[in-house]
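The values are calculated or read from the model by the stated rules, or taken from the named source; none is laboratory data. Bear in mind the structure is a predicted one, so any value in this text is a computation, not a measurement. As a convention, Cβ positions derive from the backbone with ideal geometry for all residues, glycine included, and neighbour counts pool all protein chains shown. The protein model used for the area step is the full one, side chains on, heavy atoms only, and it has no ligands, DNA or RNA in it. Shrake-Rupley method; radii C 1.70, N 1.55, O 1.52, S 1.80 Å.
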Amino acid sequence: MTWTFAALLALLVLIFAAMGVAMTMRTVLRRRVSRAEKQLPTGVLSGPAVLVGTSVDDTMSGVGAMVLTGTELVFVLGSSLDRLAIPLARARAGAYRQKPRQRTPALRVDWDGLAAVFDVQRPTVDEWLAAMPGAGH
């Protein structure tokens, strides 16, 4: 076995290992979203979301699902099934960019001196803002 053959073999092993890790992570994230969606109440608008951060609990962040009911915005964390319910009557939502050059904004919701930032893909931030009362477009 020559050194080039060994290098190619090692490269192939690394490529397939990276593909395996990516597929495993995707499966884990899908399971978390599915698990969280089962805990959501029925609502007007719902979809997968990532809780980037919140002032309610420093340890609460991650992948889950979110729904907009008539009275509140509910997010359920997929890993622990922790629930964050934001009353819409006292909430103000808007698009949020951490950096000016950030391409897609996140959804920031402020209520009672607290805040939470969600990364949403489908439905988009604009769709969430259009469905939420008191949203700052």
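If I filter segment 104-128 down to residues being out of contact with any Lys or Arg (no Cβ under 9 Å at 6 or more places or on another chain) and more than 27 Å from R35 (Cβ to Cβ), which single residue comes out as least open to solvent (accessible area, probe 1.4 Å)?
Among residues in segment 104-128 that are out of contact with any Lys or Arg (no Cβ under 9 Å at 6 or more places or on another chain) and more than 27 Å from R35 (Cβ to Cβ), the one least open to solvent (accessible area, probe 1.4 Å) is G113.
Restricting the search to segment 79-102, which residues are more than 16 Å from the chain's Cα centre (by Cα) and not in a strand (DSSP E or B)?
Those that are more than 16 Å from the chain's Cα centre (by Cα) and not in a strand (DSSP E or B): L88, A89, R90, K99, P100, R101, Q102.
What is the residue count in segment 56-76 for residues that are at pLDDT 90 or above and either among the small types (G, A, S) or open to solvent by 10 Å² or more (accessible area, probe 1.4 Å) (or both)?
Total satisfying the criteria: 7.
Take the residues in segment 45-55 that are at pLDDT below 90 and hydroxyl-bearing (S, T, Y); name whichever of them is most open to solvent (accessible area, probe 1.4 Å).
Taking the candidates together, the pick is S55.
Yes or no: L51 touching a Ser or Thr at 6+ places or on another chain (Cβ under 9 Å) and farther than 29 Å from T27 by Cα?
So L51 does not fit the description; no.
Quick check: is even one residue across segment 77-91 closer than 21 Å to M25 by Cβ and open to solvent by less than 20 Å² (accessible area, probe 1.4 Å)?
There is at least one residue in segment 77-91 that is closer than 21 Å to M25 by Cβ and open to solvent by less than 20 Å² (accessible area, probe 1.4 Å).
Among the residues in segment 9-20, are any surrounded by fewer than 17 Cβ atoms within 10 Å (Cβ to Cβ), among the hydrophobic types (A, V, I, L, M, F, W, C) and in contact (Cβ under 8 Å) with a residue 40 or more places away in the chain?
No, segment 9-20 has no match at all.
Given the conditions (1) open to solvent by less than 40 Å² (accessible area, probe 1.4 Å); (2) assigned to a strand (DSSP E or B), report the number of the one that L40 does not fulfil.
Every listed condition holds for L40 apart from (2).
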